[in-house]
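The values are calculated or read from the model by the stated rules, or taken from the named source; none is laboratory data. Keep in mind that what you see is a predicted model, and the values were worked out from it rather than measured. Virtual Cβ from ideal backbone geometry, glycine too; neighbours counted across all protein chains shown. All accessible areas refer to the heavy atoms of the entire protein, side chains included, with ligands and DNA or RNA removed. Shrake-Rupley method; radii C 1.70, N 1.55, O 1.52, S 1.80 Å.
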Amino acid sequence: MATQHVLVVDDDDALAENIGEIVAALDVDITVTPTGAAAVALATSRPIDLALVDLRLPDGDGTALLSRLRAISPDTEVVVITGDASIESAAAAVRGGAFAYLLKPVSPPDLLDTARRALAQVALRREGARLRRELERSERTNREVVEAVPALVLALDADGRICLWNRRLEELTGYPRDEMIGRPGRDLVGGGGVRPLPTRAGGECLIRWERAEVVPASVGEARIYAVGTDVTAEQEMLRRALRAERLAAVGTMAAGLAHEVRNPLNSALLQLQVLGRRLDRGDATPETLRPITGLVEDEIRRLERLVSDFLAFAQSRPLQLQPTALAELCRGVLAFVGPEAAVAGVRLHAVLARDLPSIQAEPERLRQVLLNLVRNAMEAMPGGGDLTIRTSHTRDAVEIEVQDTGQGFPDETPIFDAFFTTKPKGTGLGLAIAHRIATDHGGTMRVRSRPGDTCFTMSLPIPGAG
Ligand code: ADP
Ligand code: MG
């Protein structure tokens, strides 16, 4: 702390000097002036912490000086010193704001004690003022930072009402701060992530919000800070890129589909031509026609399967998520294929974890994945074998395995490609569909295969984890 400054105002040189000597024990700067005018001049040029003022001065009384000193610096404390005669006016001076009065002859311990207390008071008050200034400065800096950063900054109070709306937000939305402060704001930022932000002009921007929750130090303080970036343009580009990608994929798929459709069509056509010739020749008995209609029927069924698989693959209907218990789903699928498996000599096994967390999924689609995997597994074991469905979970995902003891397939086989099939009546869409459904759920599908052990694993995220 800076050295404090004491001013002694007394026209009696000896007395003034004496007072100065006593106060010097307090380690302060001391100035002595004989008149009120000189005291005022000095107080305007440098701050005075304490003035020790004789009540009777050559140019007026100490009470008037008290108010002038206070006008110059409200922090200054004044102690009036007086003889017996004017004790009344000294008391009046204290009522008017003087720190204390001392009677002449001044007792050095009294003077020291009074001066010390007055100086401590001034020091305290000055420190308080300094802290307040510092706080204001840091608040101003924070405000400037919030205004200057090239980001959208928003704060919500404990009630979810907007208590901070920075300039960028004003510029982007057209809504001035005055209008926004106090409005409910939880919907604007939600739980973070990309959200639409309405603009005054009636449009909307897409904002990616990062939220920080702050435990309030006092009631009414901001609870949630959110920093946003305008991603409207970015999202639009992404949308276009996805669209272009999807169009390209549709082209590839259409070519594949056309190829797949042509095979059964050609073969059905050929069979019908054979049938026609037989009819022309009059060689049409149930025995000769039956096999032909059977073949045509087979091809038509294949076409039908192709169309429904293709639709399942191509239609990107949004998922309808609901809490899904996987164990139940797995048991249901196994029960469904039980009769087929029995005929094919396939033994079914279920190894289902008991503490499996429930996940968010569309059960019907997961059932479709499992059915596709289980059918493939059975088709891979024409002479019979073992088929196992196993569930497990890690910290952030549940896993479902479908394992078989069939021949497997060599590495690098493009089994997940649409229309890839090694089966005479296959569509090659089963795994493409399964893969698509897994990724639509935010999950993955992987596989390992060697003769006698092929295992497909679907991994699905546990909500709220990771
Ligand atoms: P599809 O079953 O109509 O052929 P999929 O997409 O379901 O079409 O499977 C593609 C190909 O992947 C199959 O034709 C087969 O060659 C191979 N495949 C799939 N699952 C297995 C399996 N469990 N064991 C061996 N090969 C498999
Ligand atoms: Mg299949």
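Just a few scattered comments:
- Residue within the range 47-63 that is more than 60 Å from the chain's Cα centre (by Cα), in a helix (DSSP H, G or I), modelled with pLDDT under 90 and within 16 Å of Ala118 (Cβ to Cβ) present: yes
- Among the residues of the range 436-449, the ones that are among the β-branched types (Val, Ile, Thr) and either within 14 Å of ligand 2 (Cβ to nearest atom) or not assigned by TED's automatic domain parsing to the domain that holds Val369 (or both) come to 2 in all.
- Within the range 381-390, the set of residues being open to solvent by 10 Å² or more (accessible area, probe 1.4 Å) and not small (Gly, Ala, Ser) comprises Pro382, Asp386, Thr388, Arg390.
- Qualifying residue in the range 232-247 (condition: in contact with a strand residue (DSSP E or B) (Cβ under 9 Å, 6 or more places away or on another chain), assigned to a helix (DSSP H, G or I) and open to solvent by 80 Å² or more (accessible area, probe 1.4 Å)): yes
- The range 394-411 residues that are touching a residue at least 24 places away in the same chain (Cβ under 8 Å) and more than 21 Å from Pro382 (Cα to Cα), paired with ones that are assigned to a loop (DSSP other than H, G, I, E, B) and aliphatic (A, V, I, L, M) (beta carbon under 7 Å, 6 or more apart): Arg395/Ala465; Asp396/Ile462; Asp396/Ala465; Ala397/Ile462; Val398/Leu356; Val398/Ile462
- The condition of being open to solvent by 30 Å² or more (accessible area, probe 1.4 Å), closer than 22 Å to His435 by Cα and more than 13 Å from ligand 1 (Cβ to nearest atom) holds for only one of Leu321, Leu366, Leu326, Leu348, that being Leu321.
- Answer from Thr444, Thr421, Thr394 - the residue that is within 16 Å of ligand 1 (Cβ to nearest atom) and polar (S, T, N, Q): Thr421
- Meets criteria (of a type in the set (Ser, Thr, Tyr), within 16 Å of ligand 2 (Cβ to nearest atom) and touching a strand residue (DSSP E or B) at 6+ places or on another chain (Cβ under 9 Å)) for Thr454: yes
- Any hit, the range 415-435, residues being away from ligand 2 (no atom under 16 Å from the Cβ) and in contact with a strand residue (DSSP E or B) (Cβ under 9 Å, 6 or more places away or on another chain): no
- Subset of the range 400-435 that is open to solvent by less than 30 Å² (accessible area, probe 1.4 Å) and not in a loop (DSSP other than H, G, I, E, B) - its residue that is farthest from Ala314 (Cα to Cα): Asp404
- Total residues in the range 424-434, condition within 7 Å of ligand 1 (Cβ to nearest atom) and not small (Gly, Ala, Ser): 3
- Reported count of residues in the range 16-46, each being in a helix (DSSP H, G or I) and either open to solvent by less than 40 Å² (accessible area, probe 1.4 Å) or of a type outside the set (Ser, Thr, Tyr) (or both), is 19.
- Looking only at the range 264-300, residues that are outside any helix (DSSP H, G or I) and of a type in the set (A, V, I, L, M) come to 1 in all.
- Any hit, the range 271-290, residues being within 22 Å of Pro424 (Cα to Cα), among the aliphatic types (A, V, I, L, M) and under 60 Å from the mean Cα position of the chain (by Cα): no
- Residue within the range 301-318 that is part of a loop (DSSP other than H, G, I, E, B), in contact (Cβ under 8 Å) with a residue 60 or more places away in the chain and surrounded by 12 or more Cβ atoms within 10 Å (Cβ to Cβ) present: no
- Given (1) open to solvent by less than 50 Å² (accessible area, probe 1.4 Å); (2) under 30 Å from Cys205 (Cβ atoms); (3) in a helix (DSSP H, G or I), index of the condition Val153 fails: (3)
- Check on Arg375, within 12 Å of ligand 2 (Cβ to nearest atom), surrounded by fewer than 20 Cβ atoms within 10 Å (Cβ to Cβ) and outside any loop (DSSP other than H, G, I, E, B): yes
- Of all residues in the range 436-464 being in a strand (DSSP E or B) and among the hydrophobic types (A, V, I, L, M, F, W, C), the one that is farthest from Asn372 (Cα to Cα): Leu460
- Selection of the range 397-418 for residues being among the aliphatic types (A, V, I, L, M) and within 6 Å of ligand 1 (Cβ to nearest atom) yields only Ile415.
- Condition check for Glu88: over 60 Å from the mean Cα position of the chain (by Cα), open to solvent by 60 Å² or more (accessible area, probe 1.4 Å) and more than 24 Å from Glu17 (Cα to Cα): yes
- Some residue of the range 212-221 being hydroxyl-bearing (Ser, Thr, Tyr), surrounded by 12 or more Cβ atoms within 10 Å (Cβ to Cβ) and farther than 30 Å from Gly464 by Cβ: no
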